[in-house]
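Chemist: Sharing a structure below in structure tokens format, with a few things to ask.
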2 protein chains.
Amino acid sequence: MSAKTQEEKAREQLIDLAAEFYDQFARGEIPEMQLPTRTKSNIEYDEDSNVWVYGDRTSTRSANSVRGARKLLKAIYTIDFLAQQLDQDRSSTLRELYYLSESWDNEEAQFNDQDESNQLVEDLEIVSEVTREDFHMRPEESGATLMGPIRIREQTRRGEREIHCQDDVGEGGYQIPNNPDTIEFLEHDVDFVLCVETGGMRDRLVENGFDEQYNVLVVHLKGQPARATRRITKRLHDELDLPVTVFTDGDPWSYRIYGSVAYGSIKSAHLSEYLATPAAQYVGIRPQDIVDYDLPTDPLSDSDINALESELEDPRFQTDFWREQIELQLEIGKKAEQQALASRGLDFVTDTYLPERLTEMGIL
Amino acid sequence: MSAKTQEEKAREQLIDLAAEFYDQFARGEIPEMQLPTRTKSNIEYDEDSNVWVYGDRTSTRSANSVRGARKLLKAIYTIDFLAQQLDQDRSSTLRELYYLSESWDNEEAQFNDQDESNQLVEDLEIVSEVTREDFHMRPEESGATLMGPIRIREQTRRGEREIHCQDDVGEGGYQIPNNPDTIEFLEHDVDFVLCVETGGMRDRLVENGFDEQYNVLVVHLKGQPARATRRITKRLHDELDLPVTVFTDGDPWSYRIYGSVAYGSIKSAHLSEYLATPAAQYVGIRPQDIVDYDLPTDPLSDSDINALESELEDPRFQTDFWREQIELQLEIGKKAEQQALASRGLDFVTDTYLPERLTEMGIL
């Protein structure tokens, strides 16, 4: 669906929501809003879409208390603002929304802190079934960069821009915009997508010409990836049918980065179908690699150990591969960064490690 | 001086340094290396260059102890690696250097942790009087982005790229490469440079067309700016004679961001002439603005108060303006973010705040 249509849908959904409150009032009912319960125990694996989604449990926001009524009032002011924003084809950040509420005439509608406004926007995403991007709410920080053999067309406020993500960009690559649904994929020679956790490794791959040699589209994740980065990764997989691989450090936080690319996160379980790429394969440092390649390591900290143990319980990591690797890591008590591969020389990662792993995985 | 010439100079300086150790050995002397003492009390304001530089006190690294000898051994292995790297026109990250040392034949030369290798590279910058970038040492994270009416030419490993930083880029802007000395400024219509702390505000300015309306080159600082971002800002000022302004939040950490753009930092005092833009003017949120515009605020935390008090002692903030503003802030006990301007509406910053401030400052 094109971005324009999505925006129209977003506006309609918002207005429907407000109309529902109106109808509830008109029928003499106490207005309320139903939301899925947003806790770990209420996310489930959806066999059809292969991602984690909310379960059946719901919570109700009702105006039957002052606190509840205030929440719905804030929702109505926010809907009004968002509908106006879409009407004028403008956008704003989550932080601006929080501050902007200070200009609202009704003091009861103003947010107490940014957690409250962030939470409300997420609630509206869930009930309206459109995304924050469709409301034109921008994140504070933009997505990362692309480098590889693909030509894209970005619809900007200043007109269309056609950019080849190797020939028309500097060494820094193509900067992914906040809303990557403004991008259209034109022709490409990409064989697969490689999402890379750190800037140092991204630069290593580009310097070594890995993107040119293997027709790889290198996506820089910049640590825990922004929504824009996850979204474009998903679109590359779905629309161009490209295999997606994720190359991270070998520690529990990096496994979560892979998890959020592949399966989405609890916080954004309502967006899994929009953001998650369940077919994404892990090509990051495995505890097995620490042993096999004798990589330089750091000892696991207490918080690393806790995170690994909680991953053993995490529904996203219930596979033989992850159980084996996590148990091995707890046993050896070590973690390694992706740049630790440099202990075998600067070309080891592109000449040996990635080609071997990617061949094993059937990508090369 | 062109990048090529700088690299040759870097290589020569490194080899001279190694030759000096050789000569010391040959003369039967214990090898040593002199370095300026790198503490706050040994940085001074240089009247000629208008930046903070090291004072006269020096420390000596000598091989007259096992510890000192090991340090010099590590320096020699590092020099050998860097000279080779320059010879092959390759580059690496600071983290890769640390890991790479594990492949060195002499175990005594291997680094114990990354602080040690980072420190050594800084030492080599100081004694060789060339920069890390000239050694082809890349940072972990790249610089930020540019958006504005300028055409640049970037020398990449894959050939030259000419890019107009409005017409040839998406809404994300032009990604500054790790070493911005590979950039040549071609024609431009820029009237002044505006460095912006947060991504949210950077996007606001671009959405509102501030760069087009006032011929501004918007530089995103992304918090504490990377060296690449500070370097390109300095070059824009020095080579194109453009006024530079810095737009940040109104809190002590943001004043330090301004300070590092304008005067450099203690950690990189040896690089002030390369990185600092002493003529940069502060257009960020002032405590005065919190009062004048009645902005939404947060209370100062204890660490904010400590940071403000230490700024009152910091040689970079010894001006009437900063003393007044910092004292006012301690008095009102509040801080405000740049996005707090949204409490007056999304256009307040571009229609009112910046035009008023920039006119007062004589920039508009």
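The values are calculated or read from the model by the stated rules, or taken from the named source; none is laboratory data. Keep in mind that what you see is a predicted model, and the values were worked out from it rather than measured. All Cβ positions, even for glycine, are placed from backbone atoms using ideal geometry, and neighbour counts span all protein chains on display. Heads up: the accessible areas ignore ligands, DNA and RNA and are worked out on the full protein's heavy atoms, side chains in. Shrake-Rupley method; radii C 1.70, N 1.55, O 1.52, S 1.80 Å.
Chemist: Under a 5 Å amide H to amide H cut-off, with H placed in plane at 1.01 Å, what residues pair with residue A:264 once short-range neighbours are removed?
Modeler: Amide H neighbours of residue A:264: A:277.
Chemist: What FRET efficiency, computed as 1/(1 + (r/R0)^6) with R0 = 30 Å and r the Cβ-Cβ distance, is obtained for residue A:87 and residue A:153, rounded to the nearest 0.05?
Modeler: Calculated value: 0.70.
Chemist: Relative contact order (percent) for the range B:206-364, with alpha-carbon contacts under 8 angstrom and 6 or more residues of separation?
Modeler: With pairs under 8 Å counted, the relative contact order is 24 percent.
Chemist: Give me the angle, in degrees from 0 to 90, between the Cα long axis of helix A:252-263 and the longest principal axis of the Cα atoms of chain A, rounded to the nearest 10.
Modeler: Relative to chain A, helix A:252-263 is tipped by roughly 60 degrees.
Chemist: Note down the nm distance, to one decimal, between modelled labels 7 Å out along Cα→Cβ at residue A:186 and at residue B:58.
Modeler: Placing both labels 7 Å beyond Cα along the Cβ direction yields 5.9 nm.
Chemist: May I have the pair-distance distribution P(r) for chain A, computed from all Cα-Cα distances with 10 Å bins from 0 and rounded to whole percent?
Modeler: 5, 22, 29, 23, 14, 6, 1, 0
Chemist: Still on this structure, please answer the following. Let me spell out the model: positive unit charges on the Cβ of Lys and Arg, negative unit charges on the Cβ of Asp and Glu, origin at the Cα centre of chain A. What dipole size does that give, in debye rounded to 20?
Modeler: For this selection, approximately 700 debye.
Chemist: Would you calculate a helix-derived [θ] at 222 nm for the protein assembly as shown, using -39,500 (n - 2.57) for each DSSP H run of n ≥ 4 and dividing by the full residue count, to the nearest 500?
Modeler: -12500 deg cm²/dmol
Chemist: Where is the GNM fluctuation largest for chain B (alpha-carbon springs, 10 angstrom cutoff): B:88, B:339, B:175?
Modeler: Between B:88, B:339, B:175, it is B:88 that shows the largest mean-square fluctuation.
Chemist: So between residue B:321 and residue B:35, what do we pick up on full extension, going 0.36 nm a residue minus the alpha carbon distance?
Modeler: 99.5 nm
Chemist: Provide the gained length on full extension for the span residue B:298 to residue B:107, in nm with one decimal, where the gain is 0.36 nm per separating residue minus the Cα-Cα distance.
Modeler: This chain segment gains 63.6 nm when fully extended.
Chemist: Could you pull out the trypsin sites (Lys or Arg not before Pro) across the range A:250-320 that fall in loop regions by DSSP (anything but H, G, I, E, B) with no more than 10 other Cβ atoms inside 10 Å?
Modeler: Within the range A:250-320, the qualifying trypsin sites (Lys or Arg not before Pro) (loop, at most 10 other Cβ atoms within 10 Å) are A:267.
Chemist: Right, another one. Run a plain Debye calculation on the protein assembly as shown (Cα atoms as equal point scatterers, no solvent) and give log10 I(q)/I(0) at q = 0.07 Å⁻¹, rounded to two decimals, same order as the q list.
Modeler: -0.54
Chemist: When each copy gets a label point 7 Å from Cα toward the beta-carbon at residue B:15, what are the spacings between them in nm, shortest first?
Modeler: 7.4
Chemist: Follow-up. Report the full-extension gain for the segment residue B:9 to residue B:25: residue separation times 0.36 nm, less the Cα-Cα distance, to one decimal in nm.
Modeler: 3.3 nm
Chemist: Averaged over peptide B:291-300, how many Cβ atoms belonging to another chain are found within 10 Å of each residue's Cβ?
Modeler: Average per residue, whole number: 1.
Chemist: Let me ask something additional. Residues with amide H under 5 Å of residue B:172's amide H, sequence separation 5 or more or different chain, H placed in the peptide plane at 1.01 Å from N; which?
Modeler: Amide H neighbours of residue B:172: none.
Chemist: Magnitude of the Cβ-charge dipole of the protein assembly as shown, K/R +1 and D/E -1, about the Cα centre, nearest 20 debye?
Modeler: Dipole of the protein assembly as shown, to the nearest 20 debye: 440 debye.
Chemist: Would you mind checking B:9/B:74; A:334/B:222; A:222/A:335; A:71/A:222 for any pair whose Cα atoms are more than 24 angstrom apart?
Modeler: Over 24 Å apart, Cα to Cα: A:334/B:222; A:71/A:222.
Chemist: Something else about it: Using only Cα atoms and rounding to the nearest 10 degrees, what angle (0 to 90) does helix B:320-332 make with the longest principal axis of chain B?
Modeler: Value to nearest ten degrees: 70.
Chemist: Just tell me how shielded B:95-107 is by partners: mean number of partner chain Cβ atoms within 10 Å of each residue's Cβ, no decimals.
Modeler: That average works out to 5.
Chemist: Evaluate Rg over Rh across the range B:22-144, taking Cα atoms for both radii and Kirkwood's formula for Rh.
Modeler: My calculation of the ratio gives 0.99.
Chemist: For a quick check: with amide H placed at 1.01 Å from N, whose amide H comes under 5 Å from residue B:37's, ignoring anything fewer than 5 positions away on the same chain?
Modeler: Residues meeting the criterion, in which the H sits 1.01 Å from N, are B:57, B:58, B:59.
Chemist: Can you tell me, using C-alpha contacts under 8 Å and at least 6 residues apart, the relative contact order of the range B:3-138 as a whole percent?
Modeler: 29
Chemist: Shifting gears a bit: Taking a quarter of the surface of the convex hull around the Cα atoms of the range B:237-364, what do you get in nm²?
Modeler: The Cα convex hull of the range B:237-364, projected and averaged over all directions, gives 8.2 nm².
Chemist: Counting only heavy atoms of protein chains, what accessible area per residue, in Å², does the protein assembly as shown have with a probe of 1.4 Å?
Modeler: Solvent-accessible surface per residue comes out at 41 Å².
Chemist: A further question on this structure: Helix A:3-26: angle to the longest alpha-carbon principal axis of chain A, degrees 0 to 90, nearest 10?
Modeler: It works out to around 40 degrees.
Chemist: Each residue of the range B:51-61 in order: what ³J(HN,Hα) in whole Hz does its phi give by Karplus 6.51 cos²θ - 1.76 cosθ + 1.60, θ = phi - 60°, with x for Gly and Pro?
Modeler: Calculated HN-Hα couplings, in order: 9, 8, 10, 5, x, 8, 6, 10, 10, 10, 9 Hz.
Chemist: Then there's this: Can you work out which chain B residue has the shortest Cβ-to-axis distance for the rotation that carries B onto A, and give it in Å?
Modeler: Axis-proximal residue of B, distance in whole Å: B:175, 2.
Chemist: Here's something else I'd like to know. Tell me the total accessible area that B and A bury against each other, 1.4 angstrom probe, in square angstrom rounded to 100.
Modeler: Counting both chains, the buried surface is close to 4700 Å².
Chemist: Here is a further query. Please give me the summed charge of the neighbours of residue B:77: other residues whose Cβ is under 14 Å from its Cβ, Lys and Arg +1, Asp and Glu -1.
Modeler: My count for the surroundings of residue B:77 gives -4.
Chemist: How many nm is it between the label spots at residue A:312 and residue A:267, if each spot is 7 Å from the Cα in line with the beta carbon?
Modeler: Calculated label separation equals 2.6 nm.
Chemist: To continue, here is another question. Given Cα pairs under 8 Å that are at least 6 residues apart, what percent is the relative contact order of chain A?
Modeler: Once divided by the residue count of chain A, the mean separation gives 14 percent.
Chemist: Once you put a point 7 Å from the Cα of residue A:239 and another 7 Å from the Cα of residue B:129, both along the Cβ direction, what distance in nm separates them?
Modeler: 5.4
Chemist: Determine the shielding of peptide B:88-94 by partner chains: average, over its residues, the number of Cβ atoms on other chains within 10 angstrom of each Cβ.
Modeler: 4
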